[in-house]
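Undergrad: Quick one: structure below, then a few questions.
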Amino acid sequence: DGIAEEVINLLASMDGLEVVARTSSFTFRSSSLTAVEIAPRLRAGTILEGSIRYSDGRIRVSAQLIDAQTGYQVWSQNYDRVNAEIFEVQDDIALNIAETLKLTLDESSRISSRTSAPGNIEAFELYLKGRELFNDRIRLRAKGLHEALKYFSKSAEKDPGFAKAHASIALVSRLLTSYDDSLNKEAYLDAAETSANIALELDQDSIDALSALALIEETRGNIANAVAMYDRISLLGRKESNSAHWSAMLHIRLGYFDELIEPLTEIHRLEPFNEHIGWTLATAYNFSGDPKSAAKVLKGLKHFSYRDYVLGLCAINDNDFALARSYLRDVRMRSGQLPAVFADLLIDGLEDPAILEDAAQQVLLAVETGELTELVGFEALLILGSPHVFDLGIDPLSDILRLQIHTQIWNNWAIAVRQDPRFKDWVKALGNAEFWREHGWPDRCKPTGPDDFECI
């Protein structure tokens, strides 16, 4: 858990050492320090592996370096400490490895576990429990995040100066506005912003706090501010998969796809079991016109709730309507379940453009009669690629909690949606158009005058 995370951060800051693979995305358990493959630029590849055991207030960490080419052990060490010395263990492991490999720590970029450590070991233990739930949010959803928030809040109460606890409160509070529709969205956003600013006062380079502020700005439609936060994280020079995932999803919402493939592929190679990076990469692949690569990545995801839904979109993009039908019948969309009869209706309309308009009208009627909720109808019309999606009067900022829904305006076959005059109002409300003018236009859009543009 936290020990493994901190050791990896310290290793990544070493001059001459590069983390090239991780077996998971910070989903470490207290029973083992999951193997991490590292490739020093100054010598052959090396694997770090070990285990962590807790007993009667003490911690025992066993670590060893193995030469990846020969299989021989390069270095090994056992650490027996009381729980209060957990941070010294982290530093000792990293420093011993550095000495063994004749490496030096880059003090300018190094994250010192001691300076970021809480003064209260109980606060740290509470933080670790919350972090485990937070890391497993793709499976545990809102329930896990609510439990994580309790642990992080207790951690901050135990040690008000613990920056990571406040930053984690900020992240969870913001994420809950997407995972739990029953919450007062603005109240949670305000609470998240407050906690993020507290964390930054304690640690100006807190990636979690900066990520939380970026997500808050994005939710409020302040796209340029959100991108600026991610740029600030990038300047820190530290690879962090959560912020990379959120930044990529924001750029996908803005219509940028192709340039994301290479960096996301690299992160996915480093962390092949990170499902957030997996489905972000798959989304970029699909919009870039490579649905087969997208489907290959998606099929490796075990806990992604919307896997079949995105696989259905990939199948549509690949013109495999029979496969799309099998995925979309009774599928869980981000707005709710799509009944099989409507999945069939949508696929029928996509297969035969002559009846597409009738399919759209039937979806609108189902919303009017209450057979479908407005958001389910909205998402269904996005799948259909029908400009009637704008007939529902959905506000892109206040009515849509799950921002990933916005990405579907870029479905490859939905040209009619993007050429409808109301599409311009939609992207202006999101702040996209203003961002495009300042930072560059995505491939599917171009300016047609000082105050106008068109998209295909």
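The values are calculated or read from the model by the stated rules, or taken from the named source; none is laboratory data. All of these numbers come straight from a predicted model, not from anything done at the bench. Using ideal geometry, Cβ is built from the backbone for each residue, glycine included, and neighbour counts are taken over all protein chains shown. For accessibility, only protein heavy atoms count, side chains too; no ligands or nucleic acids. Shrake-Rupley method; radii C 1.70, N 1.55, O 1.52, S 1.80 Å.
Undergrad: Of the numbered conditions (1) modelled with pLDDT of 95 or more; (2) surrounded by 21 or more Cβ atoms within 10 Å (Cβ to Cβ), SER335 satisfies every one except a single condition; which is it?
TA: Every listed condition holds for SER335 apart from (1).
Undergrad: Still on this structure, I have one more. Read through the list (1) open to solvent by 50 Å² or more (accessible area, probe 1.4 Å); (2) part of a helix (DSSP H, G or I), then give the number of the only condition that SER247 fails.
TA: All conditions are met except number (1).
Undergrad: Which condition from (1) modelled with pLDDT of 95 or more; (2) surrounded by 19 or more Cβ atoms within 10 Å (Cβ to Cβ); (3) more than 22 Å from GLY289 (Cβ to Cβ); (4) hydrophobic (A, V, I, L, M, F, W, C) is the one that LEU365 breaks?
TA: Only one criterion in (1) modelled with pLDDT of 95 or more; (2) surrounded by 19 or more Cβ atoms within 10 Å (Cβ to Cβ); (3) more than 22 Å from GLY289 (Cβ to Cβ); (4) hydrophobic (A, V, I, L, M, F, W, C) is unmet by LEU365, namely (2).
Undergrad: Go over the candidates SER195, SER234, SER178, SER173 one by one and state the one that is assigned to a helix (DSSP H, G or I), open to solvent by 10 Å² or more (accessible area, probe 1.4 Å) and modelled with pLDDT of 95 or more.
TA: SER195
Undergrad: For ASN319, only one of the following conditions fails: (1) at pLDDT 95 or above; (2) in a helix (DSSP H, G or I). What is its number?
TA: (2)
Undergrad: Also: Give the residues of the stretch 287-316 that are touching a helix residue (DSSP H, G or I) at 6+ places or on another chain (Cβ under 6 Å), open to solvent by 10 Å² or more (accessible area, probe 1.4 Å) and outside any helix (DSSP H, G or I), sorted by residue number.
TA: Of everything in the stretch 287-316, those that are touching a helix residue (DSSP H, G or I) at 6+ places or on another chain (Cβ under 6 Å), open to solvent by 10 Å² or more (accessible area, probe 1.4 Å) and outside any helix (DSSP H, G or I) turn out to be SER288, HIS303, PHE304.
Undergrad: Now a separate question. Open to solvent by less than 20 Å² (accessible area, probe 1.4 Å), modelled with pLDDT of 95 or more and assigned to a helix (DSSP H, G or I): is that true of ALA187 in this structure?
TA: Details: open to solvent by less than 20 Å² (accessible area, probe 1.4 Å): no; modelled with pLDDT of 95 or more: yes; assigned to a helix (DSSP H, G or I): yes.
Against the criterion (open to solvent by less than 20 Å² (accessible area, probe 1.4 Å), modelled with pLDDT of 95 or more and assigned to a helix (DSSP H, G or I)), ALA187 does not qualify.
Undergrad: Aliphatic (A, V, I, L, M), open to solvent by less than 50 Å² (accessible area, probe 1.4 Å) and at pLDDT below 85, is that true of LEU103?
TA: Yes: the conditions hold for LEU103.
Undergrad: Considering every residue within the stretch 393-411, establish whether at least one is under 26 Å from THR280 (Cβ atoms), of a type in the set (Phe, Trp, Tyr) and out of contact with any strand residue (DSSP E or B) (no Cβ under 6 Å at 6 or more places or on another chain).
TA: Looking for residues that are under 26 Å from THR280 (Cβ atoms), of a type in the set (Phe, Trp, Tyr) and out of contact with any strand residue (DSSP E or B) (no Cβ under 6 Å at 6 or more places or on another chain), one finds at least one in the stretch 393-411, hence yes.
Undergrad: Being over 30 Å from ASP181 (Cα atoms), at pLDDT 95 or above and not in a loop (DSSP other than H, G, I, E, B) is the requirement here; does ALA354 meet it?
TA: Details: over 30 Å from ASP181 (Cα atoms): yes; at pLDDT 95 or above: yes; not in a loop (DSSP other than H, G, I, E, B): yes.
Yes; evaluated as a whole, the condition is true for this residue.
Undergrad: Determine, yes or no, whether SER168 is open to solvent by less than 50 Å² (accessible area, probe 1.4 Å), out of contact with any Asp or Glu (no Cβ under 7 Å at 6 or more places or on another chain) and assigned to a helix (DSSP H, G or I).
TA: no
Undergrad: Those residues that are farther than 14 Å from ALA414 by Cβ and open to solvent by less than 50 Å² (accessible area, probe 1.4 Å), I need them from the stretch 344-358; list them, please.
TA: ASP344, LEU345, ILE347 - these are the residues of the stretch 344-358 that are farther than 14 Å from ALA414 by Cβ and open to solvent by less than 50 Å² (accessible area, probe 1.4 Å).
Undergrad: Would you confirm, using the coordinates I've provided, whether ALA284 is open to solvent by less than 10 Å² (accessible area, probe 1.4 Å) and assigned to a helix (DSSP H, G or I)?
TA: Criteria met by ALA284.
Undergrad: List pairs: first residue in the stretch 434-456 and in contact (Cβ under 8 Å) with a residue 40 or more places away in the chain and basic (Lys, Arg), second residue surrounded by 10 or more Cβ atoms within 10 Å (Cβ to Cβ) and part of a strand (DSSP E or B) anywhere in the structure, Cβ distance under 7 angstrom, at least six positions apart or on different chains.
TA: Filtered contacts from the stretch 434-456: ARG444/CYS455.
Undergrad: Quickly run through the stretch 363-383 and pick out the residues that are assigned to a loop (DSSP other than H, G, I, E, B) and in contact with a helix residue (DSSP H, G or I) (Cβ under 9 Å, 6 or more places away or on another chain).
TA: Once the filter is applied, which keeps residues that are assigned to a loop (DSSP other than H, G, I, E, B) and in contact with a helix residue (DSSP H, G or I) (Cβ under 9 Å, 6 or more places away or on another chain), the stretch 363-383 yields GLU371, LEU372, THR373.
Undergrad: Something else about it: Could you tell me whether GLU262 is outside any loop (DSSP other than H, G, I, E, B), closer than 20 Å to LEU403 by Cα and either open to solvent by 20 Å² or more (accessible area, probe 1.4 Å) or touching a Cys at 6+ places or on another chain (Cβ under 8 Å) (or both)?
TA: no
Undergrad: Taking ILE252 as the residue in question, decide whether it is free of Cβ contacts under 8 Å to residues at least 60 places away in the same chain, in a helix (DSSP H, G or I) and closer than 28 Å to ASP395 by Cβ.
TA: no
Undergrad: Continuing with the same structure: Quick check on this structure: which one of GLU147, GLU157, GLU125 is over 23 Å from the mean Cα position of the chain (by Cα), at pLDDT 95 or above and either hydroxyl-bearing (Ser, Thr, Tyr) or surrounded by fewer than 23 Cβ atoms within 10 Å (Cβ to Cβ) (or both)?
TA: Sole residue among the options that is over 23 Å from the mean Cα position of the chain (by Cα), at pLDDT 95 or above and either hydroxyl-bearing (Ser, Thr, Tyr) or surrounded by fewer than 23 Cβ atoms within 10 Å (Cβ to Cβ) (or both): GLU157.
Undergrad: Test of understanding: among LEU210, LEU200, which residue is open to solvent by less than 10 Å² (accessible area, probe 1.4 Å) and part of a helix (DSSP H, G or I)?
TA: That would be LEU210, the only listed residue that is open to solvent by less than 10 Å² (accessible area, probe 1.4 Å) and part of a helix (DSSP H, G or I).
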